[in-house]
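The values are calculated or read from the model by the stated rules, or taken from the named source; none is laboratory data. Computed from a predicted model, the values in this text were never measured in an experiment. Reconstructed Cβ throughout: ideal geometry from the backbone, glycine too, with neighbour counts over all protein chains shown. To get the accessible areas, we keep the full protein, side chains included, count just its heavy atoms, and leave off ligands, DNA and RNA. Shrake-Rupley method; radii C 1.70, N 1.55, O 1.52, S 1.80 Å.
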Amino acid sequence: MTPQSPDTAPVRAGEELDWNSLEAYLRERLPSKLDGELDRDVRIEVTQFPGGHSNLTYCVRLGGRES
């Protein structure tokens with residue numbers, strides 16, 4: 001789904017979330033926190049930190065920012 005950093009990997013099968021809903025949520029709430037609009041042409045990018053089983057951890061990038 002996205003380029004990854006050396007610390008992350010593609011999201012494992014069966015551990016996907018509703019990325020469209022997450023993206024809509026972030027686009028609605030983040031601009032006020034970031035002092036500006038997010039580029040509508042840039043799509044959400046999600047990778048996963050491998051090894052977690054109980055608490056899955058994802059790296060979310062949107063418009064050059066990650067969380």
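Some observations on this one:
- For Tyr58, the residues whose amide H sits under 5 Å from its own are Phe49, ignoring neighbours fewer than 5 places away on the same chain, with H placed 1.01 Å from N.
- Distance between modelled label sites at Glu16 and Asn55, nm, 7 Å Cα→Cβ extension: 2.6
- When Glu28, Glu16 are compared by accessible area of protein heavy atoms, the largest-first order is Glu28, Glu16, using a 1.4 Å probe.
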